[in-house]
Amino acid sequence: MANTSNWGLCIKCKWWQIEPDAALASSTHGLCIEQSMQPYLLRVSGGSGCGLFLEGEPAHAKGSGDSPPTAAPTR
Ligand code: SF4
């Protein structure tokens with residue numbers, strides 16, 4: 001069964017990690033640092049989303065927007 005009850009957008013998720021100077025925009029790409037996703041280097045845009053969403057401010061680290069991301073998770 002899909003988890004839809006907690007679904008939210010990366011742009012408002014505390015697990016979204018973007019470049020230090022990146023704009024908060026649906027087209028900005030960054031690394032998902034939710035713990036279970038960390039092995040996969042999941043790169044997502046502000047307009048992406050999932051059921052592991054947790055409301056908060058995005059983290060920032062250089063290399064978060066690379067393909068693949070090269071930044072270490074900061075949370
Ligand atoms: S993929 Fe899910 S957990 Fe990761 S930043 Fe986006 S909403 Fe948050």
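What follows is calculated from the coordinates using simple rules that are stated; it is not laboratory data. All values derive from a computational prediction rather than experimental measurement. Backbone-built Cβ (ideal geometry, glycine too); neighbour counts: all protein chains shown.
Observations on the structure shown:
- Conditions (1) more than 9 Å from the ligand (Cβ to nearest atom); (2) in contact with a strand residue (DSSP E or B) (Cβ under 7 Å, 6 or more places away or on another chain); (3) outside any loop (DSSP other than H, G, I, E, B); number of the one not met by Ser67: (3)
- Checklist (1) within 8 Å of the ligand (Cβ to nearest atom); (2) exposed (fewer than 13 other Cβ atoms within 10 Å of the Cβ) applied to Ile33, failing item: (2)
- Condition broken by Arg75, with the remaining ones in (1) in contact with a Ser or Thr (Cβ under 8 Å, 6 or more places away or on another chain); (2) assigned to a loop (DSSP other than H, G, I, E, B) satisfied: (1)
- Identity of the residue in segment 10-30, within 14 Å of Phe53 (Cα to Cα) and not charged (D, E, K, R), that ends up surrounded by the fewest Cβ atoms within 10 Å (Cβ to Cβ): Ile11
- Ala2 being away from the ligand (no atom under 13 Å from the Cβ), aliphatic (A, V, I, L, M) and on the phi < 0 side of the Ramachandran plot: yes
- Pairing each residue of segment 20-40 that is over 15 Å from Pro58 (Cβ atoms) with any residue that is surrounded by 19 or more Cβ atoms within 10 Å (Cβ to Cβ), provided the two are 6+ apart or on different chains, yields C-beta distances under 9 Å for Gln35/Trp15; Gln38/Leu31; Gln38/Cys32; Tyr40/Cys32.
- Looking across segment 36-75, the residues that are hydroxyl-bearing (Ser, Thr, Tyr) and surrounded by 13 or more Cβ atoms within 10 Å (Cβ to Cβ) come down to Ser45, Ser48, Ser64, Thr70.
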